[in-house]
1. Could you check how many residues of the stretch 109-122 are surrounded by fewer than 13 Cβ atoms within 10 Å (Cβ to Cβ) and assigned to a helix (DSSP H, G or I)?
2. Within the stretch 60-88, work out how many residues are touching a Phe, Trp or Tyr at 6+ places or on another chain (Cβ under 8 Å) and under 18 Å from residue 144 (Cα atoms).
3. Does residue 52 meet the test of being outside any helix (DSSP H, G or I) and either under 24 Å from residue 4 (Cβ atoms) or among the aromatic types (Phe, Trp, Tyr) (or both)?
4. Of the conditions (1) of a type in the set (Ser, Thr, Tyr); (2) surrounded by 12 or more Cβ atoms within 10 Å (Cβ to Cβ); (3) part of a helix (DSSP H, G or I), residue 106 clears all except one; give me its number.
5. When both residues are 6+ apart or on different chains and their Cβ atoms are under 7 Å apart, which pairs have a first residue that lies in the stretch 123-137 and is surrounded by 12 or more Cβ atoms within 10 Å (Cβ to Cβ), and a second that is of a type in the set (Val, Ile, Thr)?
6. Please give the number of the condition residue 161 fails out of (1) basic (Lys, Arg); (2) touching an Asp or Glu at 6+ places or on another chain (Cβ under 9 Å); (3) within 22 Å of residue 13 (Cα to Cα).
7. Could you please let me know if residue 131 is among the aromatic types (Phe, Trp, Tyr) and under 20 Å from residue 56 (Cα atoms)?
8. From the set of residues in the stretch 64-103 that are open to solvent by 60 Å² or more (accessible area, probe 1.4 Å) and under 18 Å from residue 41 (Cβ atoms), which is modelled with the highest pLDDT?
Amino acid sequence: TVIETWANGHSSALIPRRRGDAGQQALVLDSNDVQDLDPRHEITRAGNLSLMLFPNNIATCAEFEFLFITIWPTSINTTHVDILIAEQENNRRRPEIFEVMLQQLSVVMSEDMSNVASVQKSLESGVMENFHLGAPERRIFHFNEYIDSVIGVNNIPPELRMDSVM
């Protein structure tokens with residue numbers, strides 16, 4: 001994985017694409033009947049390119065799709081997520097490939113969201129004072145440090161500030 005952090009809370013990650021994982025249908029958009037040897041697609045064939053765009057957007061680029069996620073806080077502990085999928089028209093595409101992509105998006109979003117409510121409940125209960133993120137999650141550190149700088153660190157109670165780790 002290649003992660004870059006940019007000014008103003010933005011960042012990118014290029015995560016190698018896994019193909020043929022056990023128990024999961026591979027998202028293979030460059031199969032024989034869909035193959036596009038255009039070199040402009042080489043990066044998105046090899047990996048998942050994800051951009052975090054401050055303040056509330058995530059964009060991912062695939063070989064023939066562009067996924068745009070917008071996150072809207074609706075209260076102190078709830079969030080609404082909008083997902084927009086733009087697909088390149090391609091006469092060689094089969095509808096079932098789009099269905100595979102939707103199924104895999106559902107799996108990824110379920111994995112990402114499966115423990116959010118439990119973590120929030122633990123934080124609100126006071127049982128869990130904080131949680132630790134590993135180095136691969138440095139985009140989250142970078143994003144939250146930038147939020148603190150926009151608000152002004154002195155305007156944030158010490159227990160709510162993001163410890164500077166970047």
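The values are calculated or read from the model by the stated rules, or taken from the named source; none is laboratory data. This one's a predicted model, so the numbers in the text were calculated from it and none came from an experiment. As a convention, Cβ positions derive from the backbone with ideal geometry for all residues, glycine included, and neighbour counts pool all protein chains shown. Ligands, DNA and RNA are excluded from the accessible area calculation, which covers all protein heavy atoms including side chains. Shrake-Rupley method; radii C 1.70, N 1.55, O 1.52, S 1.80 Å.
1. So the answer is 9.
2. Summing the residues that are touching a Phe, Trp or Tyr at 6+ places or on another chain (Cβ under 8 Å) and under 18 Å from residue 144 (Cα atoms) in the stretch 60-88 gives 1.
3. So residue 52 passes the test.
4. (2)
5. 133/140
6. (3)
7. no
8. Result: 66.
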